[in-house]
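First the structure, in the form of structure tokens, and then the observations on it.
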Amino acid sequence: MGSAWACGINLYATIAVLGIMGITGNIVLPEPLLVLQDPLVIWAALFMYCVEFFADKTPGVDTGWDTIHTFIRIPAGVMLAAGAVGEVSPAVVVAAGLLGGTVSATSHAVKAGSRVLINTSPEPFSNWTASVFEDIAVIGGLYTALFHPAAFIVLFIFFLVLTIWLLPKIWRALVTLFRKIASFFKKSDPQPMANEKVAPQLQGPPKDSGG
């Protein structure tokens with residue numbers, strides 16, 4: 001669940017951290033996840049993390065980036081959660097994948113939705129602060145999940161409670177924002193003139209007044 005939660009926020013940081021910790025011997029990855037400690041995978045994850053580092057701190061670009069990664073982070077969360085349980089019964093793997101996908105989708109929704117609202121602020125500092133905080137949360141959260149699982153469970157439950165309280169508020173704020181944007185474009189549309197008259201019907205040539 002720790003890797004799935006982190007995937008929903010920053011997939012590439014999650015893969016890089018797991019791969020580096022695995023290749024250095026700090027953790028023992030399950031057999032299905034040993035590919036993460038391949039140097040090619042680690043360097044690819046670090047490269048994409050650098051790309052996301054700048055994209056995630058650019059207002060507007062981060063929202064487009066999150067939209068695209070809806071189709072990447074959630075499936076990755078499914079695979080990491082399913083692979084993390086190791087070689088067990090297929091039922092456990094499927095259950096872990098379902099839970100992992102749900103957790104990834106939840107953390108991704110909180111991040112993407114809050115970023116849309118943060119982008120309404122004219123200054124970029126709140127965006128930068130949120131992005132740096134997310135990076136720290138992913139790395140710190142993974143470390144806690146791996147070495148202090150009991151503490152992570154407590155923090156994870158707190159995250160779920162906070163999400164249940166926060167997501168409806170984010171949704172209502174997004175609906176209000178989109179309605180304002182739609183009303184702005186409606187007002188900017190050219191309106192037909194109220195006193196516009198219907199064009200006169202074509203008449204025949206004037207009659208000759210002569211005898």
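Selection within the stretch 1-56: residues that are touching a Ser or Thr at 6+ places or on another chain (Cβ under 7 Å) and of a type in the set (Gly, Ala, Ser). The member of this set that is nearest to GLY100 (Cα to Cα) is ALA4.
Within the stretch 42-74, the set of residues being closer than 19 Å to SER104 by Cβ, of a type in the set (A, V, I, L, M, F, W, C) and touching a residue at least 12 places away in the same chain (Cβ under 8 Å) comprises ALA45, MET48, TRP65, ILE72, ILE74. Only residues that are under 10 Å from SER131 (Cα atoms) and part of a helix (DSSP H, G or I) were counted across the stretch 56-71, and they come to 1.
The condition (being surrounded by 12 or more Cβ atoms within 10 Å (Cβ to Cβ), closer than 28 Å to THR63 by Cβ, over 17 Å from the mean Cα position of the chain (by Cα) and of a type in the set (A, V, I, L, M, F, W, C)) is satisfied by just one residue among LEU142, LEU174: LEU142.
Those residues that are more than 20 Å from LEU98 (Cβ to Cβ) and surrounded by fewer than 18 Cβ atoms within 10 Å (Cβ to Cβ), I need them from the stretch 64-85; list them, please. The answer is GLY64, TRP65, THR67, ILE68. The C-beta contact set for the stretch 144-161 (first residue under 16 Å from THR106 (Cβ atoms), second residue among the aliphatic types (A, V, I, L, M), distance under 6 angstrom, 6+ apart or interchain) comprises PHE152/ALA145. Just one of the listed residues (ILE139, ILE170) is among the β-branched types (Val, Ile, Thr), touching a residue at least 60 places away in the same chain (Cβ under 8 Å) and within 16 Å of MET1 (Cα to Cα), and it is ILE139.
ILE42 satisfies every condition listed in (1) of a type in the set (Val, Ile, Thr); (2) at pLDDT below 90; (3) closer than 16 Å to LEU11 by Cβ except (2). Of the residues making up the stretch 99-120, at least one is part of a loop (DSSP other than H, G, I, E, B) and touching a residue at least 60 places away in the same chain (Cβ under 8 Å). Residues considered: LEU177, LEU166. Of these, the only one that is at pLDDT below 80, touching a helix residue (DSSP H, G or I) at 6+ places or on another chain (Cβ under 8 Å) and within 28 Å of ALA137 (Cβ to Cβ) is LEU177.
The values are calculated or read from the model by the stated rules, or taken from the named source; none is laboratory data. Only a predicted model underlies this, so the values are computations on that prediction, with no experimental measurement involved. Note that we place each Cβ from the backbone using ideal geometry, even for glycine, and neighbour counts take in every protein chain shown.
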